[in-house]
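Read-outs: derived from the displayed coordinates by stated rules, not from any lab. Being a predicted model, the structure only gives us computed values, none of them experimental. Positions of Cβ are generated from backbone atoms using ideal geometry, with glycine treated the same way; all protein chains shown enter the neighbour counts.
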Amino acid sequence: MDMNEIKEIFFQECEEQLAELESGLLRLNDGDRDPETVNAVFRAVHSIKGGAGAFGLDDLVSFAHVFETTLDCVRSNKLEPTAEVLKVMLKSADVLADLTNVARDGGSVDQARSKQLIRELEALANGEAPPPAAVVEAPAAKPAAAAPAPVVNDEGFVPVAFSFDDFGGEEDVLIVHPTYEISFKPKADLYSKGNEATLLLRDLSRLGEMSIHCNMEALPSLEQMDPESAYFSWKISVKTDKGEDAIRSVFEFAEWDCDLEISLADEGTAAEMTDEELPMQPVPFDLSVLDDEPDAPVGVVEEEERLAAVHESAATVAAAEVASNVVQLASTASRAAAEPKAAAPAAAAAQNTAQAASAAAPTIRVDLDRVDRLINLVGELVINQAMLSQSVIENDNNGTSSINMGLEELQQLTREIQDSVMAIRAQPVKPVFQRMARTVREIADITGKSVRLITEGENTEVDKTVIDKLAEPLTHMIRNAVDHGLEMPEKRVALGKNPEGTVRLTAKHRSGRIVIELADDGQGINREKVRQKAIDNDLIAADANLSDEEIDNLIFHAGFSTADKVSDLSGRGVGMDVVKRSIQALGGRINISSKPGHGSVFTMSLPLTLAVLDGMVVTVAGQTLVVPLTAIVETLQPEASAIHSFGASQRLISIRNSFCPLVDVGRILNFRSTQANPVEGVALLVESEGGGQRALMVDAIQGQRQVVIKSLEANYTHVPGIAAATILGDGRVALILDVDAVVSASRGQPLKLETSLAAAG
Amino acid sequence: MAAKKAAPKSLSLAPVLDLNEAQALHGKLMGMRGSNITIDASAVERVGALCLQVLMAGAKSWEADKHAFTFSKVSDAFTKTTQLIGVNIDHLMAKEI
């Protein structure tokens with residue numbers, strides 16, 4: 001596994017952690033005060049920081065660190081997670097996501113924004129609460145050396161040690177290596193995050209000759225102590241030629257969780273040190289016993305050993321170049337070694353609170369291409385199986401029962417295989433919904449509105465293609481809902497509403513489709529304004545008499561925008577018609593229902609998969625067509641008495657005392673030029689997107705079957721009225737009817753028809 | 001002598017004394033207050049700073065109680081770790097009599 005693959009896995013994990021982070025923060029925002037939620041959020045940021053550190057993603061590390069510090073204040077109850085605090089945190093989560101994306105895909109982040117957030121986070125951590133350093137404020141062991149210790153600042157800038165031995169010539173070989181005085185005082189966090197002081201000290205001891213003094217003054221009596229807090233602190237002097245960088249790299253993963261001072265002692269101070277009242281214990285160089293720790297992966301240990309050998313041989317060379325290389329190697333090794341340690345606290349915490357986190361089922365990551373190839377193959381298998389059954393039926397009139405039974409079993413199996421393969425592609429809509437949370441926050445910020453996004457049914461699963469294509473229309477709609485739908489807080493208060501607007505995003509399965517609902521509690525569609533706008537834009541006649549539903553549907557018309565001012569967010573008039581088209585491209589429908597003063601509800605109904613479809617195979621003018629089963633409400637054989645003429649060419653069918661327009665599919669698709677006699681055919685009652693019902697006239701129903709969708713656009717070109725194509729059992733191509741397009745076409749230009757209907761009515 | 005003439009209690013340490021063990025070890029020691037104690041660290045393969053803190057705090061408390069706190073046996077790993085992190089346990093080692 002090369003570095004890039006490991007990095008890729010890291011980014012995938014980052015995505016999961018970011019999702020975890022955001023959902024945790026949102027739970028906190030909803031008033032969840034479960035410490036495990038705070039821990040989960042903290043862990044997410046910490047894991048990202050740890051991984052980013054291993055790959056040297058400094059921007060990410062420094063931001064994550066500040067974020068983590070603030071979260072730690074929340075975790076230790078020093079900072080109350082108020083709405084304001086969470087707002088900053090949610091924004092920080094967004095920036096963290098941006099930084100992760102930039103680290104993966106390149107590009108740049110809004111530096112000003114992240115700087116600003118860093119300041120805000122720091123203010124939260126420092127201003128309203130003592131910094132986490134105060135957890136254990138024991139009398140710190142000050143380093144004896146007077147030299148000012150370089151401090152690692154929050155920008156992740158580590159001062160480079162300027163050690164003179166790097167410039168040493170041959171004469172340095174015999175010269176005593178410089179001695180570094182290190183004051184190391186862990187904080188409780190160091191341990192709780194799974195770092196282990198003993199391991200750090202072991203790594204340190206490998207750098208050279210080391211003497212150590214452990215300061216136990218801070219240690220309280222047994223009953224007063226918190227066994228998981230930090231009381232020990234150390235004064236260490238190391239004689240090494242590896243330079244200060246090597247020492248710092250030992251503490252790389254712990255430096256934020258300890259007070260660390262490193263200084264170069266000259267001979268005088270070193271001697272002074274040893275003469276002090278604190279006895280320094282020389283540390284034996286043979287620490288092999290410690291290497292057998294079960295938790296250190298064998299590979300890492302071996303690697304460390306190998307590197308240690310490199311160190312030793314390098315030490316005799318004492319050439320500056322080699323030395324710096326070794327430092328690099330050493331730091332790589334310590335990073336590698338630190339990784340499993342970083343993972344440890346998560347595991348430990350998970351153990352402690354096993355009941356809080358639902359056990360995740362084991363998963364594997366598979367390339368999407370592979371799944372798609374499998375799905376294609378299964379599609380071919382289904383077609384092949386249908387062809388096989390067909391030819392058996394055609395060639396063998398009686399059909400021996402064993403062949404027929406075998407075929408039936410085969411059919412069942414293929415169906416099951418298909419369902420299982422489809423299930424592989426099915427994904428919860430959660431990631432899309434979570435992205436919407438961010439959209440809402442950003443728009444709320446820009447518009448100065450206060451918005452709360454409530455999501456329900458995030459675990460509803462739908463095909464990945466649908467999910468991928470859902471994000472854009474949903475973003476559009478959310479923007480509209482916040483920008484146009486919700487009122488400004490003052491206005492809401494004046495109206496007696498909660499100043500905080502609510503946008504509710506729900507997903508659910510309903511009869512083989514996924515239904516996504518976006519509801520806001522804003523002002524609803526201003527029908528007067530929409531109507532006026534439509535008249536101004538010559539979309540409808542000034543005296544047209546439109547139903548409320550018809551007016552609402554006007555907003556889906558291309559080039560329609562009701563915003564008085566074109567804002568940055570929405571109102572360019574390309575919004576809703578684009579939304580409608582993308583939803584339709586997914587084989588979906590969209591409906592609005594709006595109540596003035598109470599808000600609007602947009603309902604989208606989408607197919608669960610774009611690969612197969614349950615359809616009714618029908619004959620129209622000698623052609624075989626497939627009508628999606630989900631569109632069909634019922635089928636009926638019209639009687640002559642139920643058919644009524646209406647206007648010049650329109651006909652209505654009376655069904656249970658209500659009238660429904662008859663749509664001759666053959667005419668609309670130009671399969672024939674004359675109208676078919678409805679009594680000779682079959683009527684399919686379909687639900688059209690406007691909510692009304694239409695009766696589609698076809699000649700005959702052949703049957704119902706599952707068909708594999710083959711895109712017409714990809715293989716040929718778009719044909720109006722046709723959604724896609726499929727291959728039937730006899731090997732012929734059948735077209736899949738685009739019911740909504742046919743219904744619209746039956747009205748001519750939809751809006752023209754509405755006006756003419758209105759004029760007539 | 002303030003100490004009652006009770007048989008010294010003994011405590012055998014777990015092989016792995018890491019972060020997760022610190023709390024448990026603390027609890028065990030707390031339950032053994034008030035009498036002499038001998039600690040068997042011969043099985044220890046790995047010991048972290050937190051557990052050493054607990055042990056040292058114990059030694060301190062036992063000393064304050066004027067009870068004996070001794071390590072009867074220690075493993076190589078235990079000794080090496082204490083040396084590594086500069087914790088001197090020589091005075092706590094059981095004296096050969």
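Hey, with R₀ at 41 Å, roughly what FRET efficiency would residue A:450 and residue A:542 work out to, going by the Cβ-Cβ distance, to 0.05? Don't jump to the answer; show the numbers that get you there.
Values: r = 39 Å, r/R0 = 0.95.
Once the sixth-power term is evaluated, E becomes 0.60.
Return the whole-Å distance between the Cα centroid of region A:632-696 and the Cα centroid of region B:1-73.
Computed from Cα coordinates, the inter-centre distance equals 89 Å.
Ranking request for peptides A:429-441, A:450-462: highest mean number of other beta-carbon atoms within 10 Å first, then the rest in descending order. The partial results should precede the final answer.
Details: A:429-441: 20.8, A:450-462: 17.8.
Highest mean packing first, the order is A:429-441, A:450-462.
Pop a pseudo-label 7 angstrom from the Cα along the beta-carbon direction at both residue B:73 and residue A:634 and give the gap in nm to one decimal.
For the pair residue B:73/residue A:634, the computed spacing is 8.7 nm.
Apply 1/(1 + (r/R0)^6) to the Cβ-Cβ distance of residue A:641 and residue A:670, taking R0 = 35 Å, and write down the FRET efficiency to the nearest 0.05. Spell out each step's value before the answer.
Details: r = 30 Å, r/R0 = 0.85.
So, using R0 = 35 Å, E works out to roughly 0.70.
Please compute the length gained on full extension between residue A:367 and residue A:413, using 0.36 nm multiplied by the number of residues separating them and subtracting their Cα-Cα distance. List each step's numbers first, then the result.
Numbers: separation 46, 0.36 × 46 = 16.56 nm, distance 2.50 nm.
14.1 nm is the gain from fully extending residue A:367 to residue A:413.
Any idea what diffusion coefficient region B:36-97 gets from Stokes-Einstein, in µm²/s, Kirkwood Rh on alpha carbon pairs, 20 °C, 1.002 mPa s?
Values: Rh = 11.8 Å.
Rounded, D is 181 µm²/s.
Determine, from the Cβ-Cβ distance of residue A:112 and residue A:27 and an R0 of 30 Å, the FRET efficiency 1/(1 + (r/R0)^6), rounded to the nearest 0.05.
Working: r = 30 Å, r/R0 = 0.99.
FRET efficiency, residue A:112 to residue A:27: 0.50.
Distance between Cα centroids, region A:392-438 to region A:455-494: provide it in whole Å.
Cα centres, region A:392-438 to region A:455-494: 33 Å.
How much length would be gained if the chain were fully extended between residue A:119 and residue A:223, taking 0.36 nm per residue of separation minus their Cα-Cα distance, in nm to one decimal? Mind dumping the intermediate values first?
Details: separation 104, 0.36 × 104 = 37.44 nm, distance 3.98 nm.
Stretched out fully, the residue A:119 to residue A:223 stretch lengthens by 33.5 nm.
Given Cβ point charges of +1 (Lys, Arg) and -1 (Asp, Glu) and nothing else, what value in debye, to the nearest 20, does the dipole of region A:456-566 about its Cα centre take? Could you put the intermediate results ahead of the total?
Values: 15 positive and 22 negative charges, 28 e Å.
Around 140 debye, computed over region A:456-566.
Quick check: the distance between the Cα centres of region A:98-124 and region A:17-73, to the nearest angstrom?
14 Å
Projected onto the charge dipole of region A:429-607 (+1 at Lys/Arg Cβ, -1 at Asp/Glu Cβ, origin at the Cα centre), which of A:553, A:597, A:443 gives the Cα projection farthest towards the positive end?
About the Cα centre, the residue reaching furthest to the positive side is A:443.
Straight-line reach only, C-alpha to C-alpha below 16 angstrom: list the lysines that residue B:9 could link to, leaving out same-chain residues fewer than 8 apart.
B:28, B:66, B:73
Restricted to Cα positions, what overall size does region A:429-607 have along the principal axes? Three whole-Å values, descending.
45, 36, 27
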